[in-house]
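Asks: Shown below is the structure under consideration.
The values are calculated or read from the model by the stated rules, or taken from the named source; none is laboratory data. None of the values given here were measured: they were computed from a predicted structure. Cβ placement follows ideal geometry from the backbone for every residue including glycine, while neighbour counts extend to all protein chains displayed. Keep in mind that these areas ignore ligands, DNA and RNA; they rest on the heavy atoms of the full protein, side chains included. Shrake-Rupley method; radii C 1.70, N 1.55, O 1.52, S 1.80 Å.
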Amino acid sequence: VIETTSGTITADRALIACNAYIGNLEPVTAAHVMPIRSLIGATSVLADHPEVLPGGESVDDSRFVVRYFRKSKDGRLLFGGREAYTADNPRDISAHIRRQICEIYPALADIEVTHAWGGSVGITMPRQPFCRDVMPGITSIGGY
């Protein structure tokens, strides 16, 4: 039975899945999960660059610092992946994102990054999810 300010929930099982935002809710899981900032940007519409993801693919790589990108429905490149090991976002997220875009697509060196933001994700040292039973019927996970 879980009591909240909005009411009571009764279930046979509960899952604690807060990832980077677990805080002190479940200290053992929190000790295995490190919050990092993941930064994402969106470019202006790529009307002059039909060579970029011509089939509408979504991409991610297997680098230690993963990069992931795809086109939006309106033709912008959504690109993420620079990690920051701090609670703060860099002053100019777009510069960091543009640098990574140019490594893959040099022709986009002058493309405008119209939107840029960041959020926290949870990782573990072995880069595999951490999972544990807190007590019968309650499982906690992180680093996914």
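Asks: Which ones in region 62-79 are over 15 Å from the mean Cα position of the chain (by Cα) and not polar (S, T, N, Q)?
Replies: 71, 73, 74, 75, 76, 77
Asks: Sticking with this one: Within region 35-52, restricting attention to residues that are of a type in the set (S, T, N, Q) and closer than 30 Å to residue 144 by Cβ, which residue is least open to solvent (accessible area, probe 1.4 Å)?
Replies: First, pick out the residues of region 35-52 that are of a type in the set (S, T, N, Q): 38, 43-44.
Filter again for closer than 30 Å to residue 144 by Cβ, leaving 38, 43.
Values: 38: 16, 43: 0 Å².
Taking the candidates together, the pick is 43.
Asks: Return the only residue of 23, 81, 55 being outside any loop (DSSP other than H, G, I, E, B) and open to solvent by less than 70 Å² (accessible area, probe 1.4 Å). Spell out the reasoning first.
Replies: On the way: 23 fails: outside any loop (DSSP other than H, G, I, E, B); 55 fails: outside any loop (DSSP other than H, G, I, E, B).
It is 81.
Asks: Right, something else. Mind checking which pairs have a first residue in region 40-69 that is among the acidic types (Asp, Glu) and a second that is open to solvent by 40 Å² or more (accessible area, probe 1.4 Å) and at pLDDT 90 or above, Cβ under 6 Å, 6 or more apart or different chains?
Replies: Qualifying pairs under 6 Å: 60/68.
Asks: Answer with yes or no whether residue 6 is within 30 Å of residue 131 (Cβ to Cβ) and surrounded by fewer than 19 Cβ atoms within 10 Å (Cβ to Cβ).
Replies: For residue 6, the condition - within 30 Å of residue 131 (Cβ to Cβ) and surrounded by fewer than 19 Cβ atoms within 10 Å (Cβ to Cβ) - is met.
Asks: So for region 121-142 (the condition being open to solvent by less than 30 Å² (accessible area, probe 1.4 Å), in contact (Cβ under 8 Å) with a residue 24 or more places away in the chain and more than 30 Å from residue 24 (Cα to Cα)), does at least one residue qualify?
Replies: Taking region 121-142 as the starting set, the residues that turn out to be open to solvent by less than 30 Å² (accessible area, probe 1.4 Å) are 122-124, 137, 139-140, 142.
Narrowing further to those that are in contact (Cβ under 8 Å) with a residue 24 or more places away in the chain: 122-124, 137, 139-140, 142.
Retained after the next criterion (residues that are more than 30 Å from residue 24 (Cα to Cα)): none.
Within region 121-142, none of the residues are open to solvent by less than 30 Å² (accessible area, probe 1.4 Å), in contact (Cβ under 8 Å) with a residue 24 or more places away in the chain and more than 30 Å from residue 24 (Cα to Cα).
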